[in-house]
1. Pairing the Cα long axis of helix 135-146 with the longest principal axis of the chain, what angle in degrees results, from 0 to 90 and rounded to the nearest 10?
2. Which one of 95, 86, 155 has the biggest mean-square fluctuation once the chain is modelled by GNM with Cα springs under 10 Å?
3. Please report, in whole Å, how far the alpha carbons of segment 32-144 spread along each principal axis, starting with the longest.
4. Among 341, 202, what is the fewest-to-most ranking by other Cβ atoms within 10 Å?
5. Which log10 I(q)/I(0) values does the chain give at q = 0.07, 0.14 Å⁻¹ under the Debye formula, counting every alpha carbon as one identical point scatterer?
6. Determine the percent antiparallel among the DSSP beta bridges restricted to segment 2-146, to the nearest 5.
7. Could you put 195, 104, 316 in order, starting from the residue whose Cβ has the fewest other Cβ atoms within 10 Å?
8. Please report the antiparallel percentage of the DSSP beta bridges confined to the chain, to the nearest 5.
């Protein structure tokens, strides 16, 4: 079989789609061919796995003509496809699959795009009740519609030798020993301001951790968060609070750095899911995101939230404007919730 996967446009969603991608690979077998179509900035996420035979980069807003719509249409048109799986709920992707004559087009029939699909799946959601299906299961249903048998929801990523080499260099540059217990923190939210725990709170929590444990804190960031993270490190002025802000920000490096960490504390953001897929325990600070959306029995996780009548709202910005669901989650309270982790880790290391 020859199958193309239009993969999600966000880092965390690509990670939550890995069980579905793994299921499709198993079903197609080694003699089949699977092409993954994804954003250029996410192209390294699945490196180290054997699920995709090729990765095609696509970004309709990119200046590089290699990644524009016309080139993707040309490449799709000269191939003979058996099926396309549309992970994003995008009219554009549905139209591309329809225009290029892919005979089986599987996706969710959201935004009235079902007429462009041959297999249109229903979507259960209401603003009042939120999501009824975790994202990992949401994506697995696409694989099942293709004919794949049930698959474990276990998230999975692999690092690469290049990423591990870069991480070793970064560890040395930052003065981290290979045996250090490192807590990763990610302060971003993928452009959704409602998901942001205040940056000064992350700084206070980092200070609580280094003052009360022997752990180091590694602030991870994307390109748009470099300035914020640099300022945090400068203001905190502690030798065990370091960051990736002055390092090459490759996804391969991010994966290898997170793999070395003992814990990841994050907003609901991409690095949180990367850490979870690498087997790292995660603490997620939730405001507008429902727990059901990221629920996964295979992930070692703790979800923290402050009860608010308006949360979870699933909005990218706070409609009332007060942002209380995140601002009232204070750093000392968060540290109290996660402190058993440090005690259990100390006991485990002693044993």
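Computed from the coordinates by the stated procedures, all read-outs in this text should not be read as laboratory data. All values derive from a computational prediction rather than experimental measurement. Glycine gets a Cβ as well: all are built from the backbone with ideal geometry, and neighbour counts include every protein chain shown.
1. 20 degrees
2. 95
3. 42, 33, 32
4. Ascending Cβ contact count within 10 Å gives the list 341, 202.
5. Ignoring solvent entirely, the Cα scatterers give -0.31, -1.19.
6. Beta bridges within segment 2-146, antiparallel portion: roughly 10 percent.
7. By the 10 Å Cβ count, ascending, the order reads 316, 104, 195.
8. DSSP beta bridges in the chain are roughly 5 percent antiparallel.
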